[in-house]
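What follows is a set of notes on a single structure, which appears directly below.
Nothing in this text is a laboratory measurement; each read-out follows from the coordinates by a stated rule. Keep in mind that this is a model prediction, so the values were computed, not measured. Here Cβ is always computed from backbone atoms with ideal geometry, including for glycine, and neighbour counts include all displayed protein chains.
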Amino acid sequence: MSSPLQNRVLPDGDIVAHPMRGTMMGNRGGRLHDAARGLGARRWVSRRWIICTLSFKDRHRNVMGAGYTELFFLDEVTALAAGHRPCFECRRKAARAFARSFPGADSADAIDRVLHAKRLGPRPRVSPGDLPDGAMVRSGQRMLAILGGMAMEWTPEGYGPAEELPSGPCALLTPAASVAVLRTGYAPAWHPSAPRPSGHHPLPHP
């Protein structure tokens with residue numbers, strides 16, 4: 001069996017090699033890989049970090065081929081934490097819903113400028129109990145997703161069992177502007193391993 005490609009994105013934005021592909025694809029504005037399908041030192045080409053579906057209009061791509069570098073995420077919650085936003089082509093409804101609630105910007109370019117500044121800046125410390133569903137934090141060496149007033153540990157294969165929120169401040173992984181979007185009711189796509197708490201009804205993307 002061949003070794004996995006280095007194209008799996010972690011919630012903190014790092015890109016690693018892992019055999020599990022994930023449920024969503026995306027890119028960072030262009031090609032990051034070389035002819036041997038390995039990554040060099042850079043981790044983005046432009047500010048355009050997007051979240052895409054795994055399939056769209058029967059298009060077929062040779063992963064890490066001649067074009068841009070395909071990146072893969074466990075789910076949209078992971079991709080948002082890493083600083084990406086929905087694609088306006090293959091995820092138009094989600095992208096429009098995201099843009100309508102994005103603070104101070106409503107175009108793709110404006111959103112990208114804000115997110116790029118946030119993902120390159122320091123990670124603020126926050127209280128997990130103040131965060132909406134879909135936000136992610138780092139607590140020690142663990143990365144946790146917030147859902148239904150509980151926390152779930154992130155792993156490349158899926159989420160761990162729901163547990164109590166950390167008692168102290170944690171490093172916020174999801175950019176603050178994306179957290180603001182989540183507060184409005186934007187419902188990101190979760191990996192199937194994430195439980196649905198009783199009474200939780202995500203808002204659809206109109």
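Here are some notes:
- Per residue, the chain reaches -5000 deg cm²/dmol at 222 nm when only DSSP H runs of four or more residues are counted, each adding -39500 (n - 2.57).
- Options 73, 120, 176, ranked by Cα towards positive dipole end of the chain, top entry (Cβ charges): 120
- In order through the stretch 160-176: 3J(HN,Hα) via Karplus (6.51 cos²θ - 1.76 cosθ + 1.60), integer Hz, x for Gly, Pro: x, x, 5, 9, 5, 5, x, 7, x, x, 10, 6, 7, 8, 5, x, 4
- Taking a ≥ b ≥ c as the square roots of the eigenvalues of the Cα gyration tensor, an a/c ratio below 1.5 marks the stretch 125-183 as rounded.
- Sorted by Cβ neighbour density within 10 Å, fewest at the top, the residues 73, 102, 56, 88: 56, 88, 102, 73
- Shape analysis of the stretch 6-120 places it in the prolate category; the axes a ≥ b ≥ c from the Cα gyration tensor give an a/c of at least 1.5, with a/b above b/c.
- Least to most buried among 115, 10 (fewest other Cβ within 10 Å first): 10, 115
- Residue-wise HN-Hα couplings along the stretch 76-89, as the Karplus relation 6.51 cos²θ - 1.76 cosθ + 1.60 with θ = phi - 60° gives them from phi, are 5, 4, 5, 5, 5, 4, 6, x, 8, 9, x, 6, 7, 9 Hz; Gly and Pro carry x.
- Lys/Arg +1, Asp/Glu -1 at C-beta; the stretch 6-120 dipole; positive extreme among 44, 62, 102: 102
- Selected from 61, 100, 113 as most flexible by GNM, with the chain as the system and alpha-carbon contacts under 10 Å: 61
- Ranked 150, 20, criterion: other C-beta atoms within 10 Å, fewest first: 20, 150
- Rounded to the nearest 20 debye, the dipole magnitude of the chain is 700 debye, with +1 charges on Lys and Arg beta carbons, -1 on Asp and Glu beta carbons, and the Cα centre as origin.
- Cα centroid separation - the stretch 7-24 against the stretch 122-164, whole Å: 17 Å
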